[in-house]
Amino acid sequence: MITQSALSAAQQRRRDLHLHRLQDCAEARAFASAVAEAIGLPLTQLHAHVGPYPLFQPGADNSTDTHQRFYAQHPQQRPLYEALCRRLIDDVIGEPCHVQVIPTYRFGLPGNRWVGSFHRDSDFGHSGYELNAICALTPMPASAALHVEQTAGAHDFAPMELEAGEVILFDHIDRLHGCPLNREGVSVASIDFRFVPVRFAAAAFRDAASSINTGTAFLPGHYFTAEPL
């Protein structure tokens, strides 16, 4: 089937790009700096200014007042965010893509986790045609990093450590990933954002689900940009 062929090609592309990093990305640094300035708090010391919060749980790990503070400033950063997306498309992905309109903002305080459970994004309706990137707004070391299976299905988790302004793609569909409790004594913040290459769009959007956090359909003009970048 054509759809199965497209899905296989998308899966292979996602595997090929797994752990691909952009370590010297001016667009990522500019975006991270602008978000920190707009929030008006030292992001590595968020715990001194916000919370504490109960242990984040699945489906309720992106809805605190501090999360809303991040989302409220995003319209100011839209041009910088789009520039970052274009940089990834031009330098890494190499083909036009529909892009997540509003990235998922995340933060993690010491003693808590910034993702509610270990999971695959396919558990929550994301399609196998997506690519996923993380941009670190702060350093993300050791227990404060996202932990990802080194081999899909093996439960052999390793921290995906990042520096502030660093971007990494990872296989969010086939590999379990999540966060242990942050024991680093510092807060962390990041965005994750998804791409659907245009060549896979028809198959990807045919039976689209909706975001568990926002109820937004995984479709162009909704969760993804109406027009590709």
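The values are calculated or read from the model by the stated rules, or taken from the named source; none is laboratory data. Please read all numbers here as calculations on a predicted model, not as lab measurements. Here the Cβ positions follow ideal geometry from the backbone for every residue, glycine too, while neighbour counts run over all protein chains shown. Accessible surface areas use protein heavy atoms only, side chains included; no ligands, DNA or RNA. Shrake-Rupley method; radii C 1.70, N 1.55, O 1.52, S 1.80 Å.
Pop a pseudo-label 7 angstrom from the Cα along the beta-carbon direction at both Glu95 and Ala152 and give the gap in nm to one decimal.
For the pair Glu95/Ala152, the computed spacing is 1.7 nm.
Per DSSP helix of 4 or more residues, -39500 (n - 2.57); summed, then divided by the residues of the chain. What does that give at 222 nm, rounded to the nearest 500?
So the helix-based figure for the chain works out to -8000 deg cm²/dmol.
For Ala30, put the label point 7 Å out on the Cα→Cβ axis and report which residues of segment 145-174 keep their amide N under 20 Å from it.
Correct set: 164-168.
If I stretch the segment between Ser122 and Gln76 completely, what's the gain in nm (0.36 nm per residue apart, minus their alpha carbon distance), one decimal?
Numbers: separation 46, 0.36 × 46 = 16.56 nm, distance 3.07 nm.
Length gained between Ser122 and Gln76: 13.5 nm.
Would you grab the residues whose amide H sits under 5 Å from the one on Leu162? Only those 5+ places off in sequence or on another chain, please, with H modelled 1.01 Å from N.
HN-HN under 5 Å from Leu162: Met140.
Based on the Cβ-Cβ distance of Gln23 and Ile102, what FRET efficiency does E = 1/(1 + (r/R0)^6) give at R0 = 35 Å, to the nearest 0.05?
Taking R0 as 35 Å, the efficiency between Gln23 and Ile102 is 0.90.
Taking the solvent-accessible surface of protein heavy atoms with a 1.4 Å probe, what is the per residue accessible area of the chain in Å²?
Per residue, the chain has 43 Å² of solvent-accessible surface.
What ratio of Cα Rg to 2.2 N^0.38 Å holds for the chain? Walk me through the numbers on the way to the answer.
Working: Rg = 16.6 Å, N = 229, 2.2 N^0.38 = 17.3 Å.
So the Cα radius of gyration is 0.96 times the expected 2.2 N^0.38 Å.
What is the percent carbon and sulfur in the accessible area of the chain, measuring with a 1.4 Å probe over the protein chains and ignoring ligands?
52
What FRET efficiency comes out for Asp65 versus Ala209 if R0 is 25 angstrom and r is the Cβ-Cβ distance? Round to the nearest 0.05. Each step should come with its number before you reach the end.
On the way: r = 27 Å, r/R0 = 1.10.
Working from the Cβ atoms, E equals 0.35.
What do you get for the angle between helix 26-39 and the principal long axis of the chain? Use alpha-carbon atoms, 0 to 90 degrees, nearest ten.
Around 50 degrees separate the two axes.
So, in nm, how far is label Glu163 from label Leu181 when the simple model puts each one 7 Å beyond its Cα toward the Cβ?
Here the modelled spin labels are 3.1 nm apart.
Kirkwood hydrodynamic radius, segment 1-43, all distinct C-alpha pairs: what's the number in Å?
13.4
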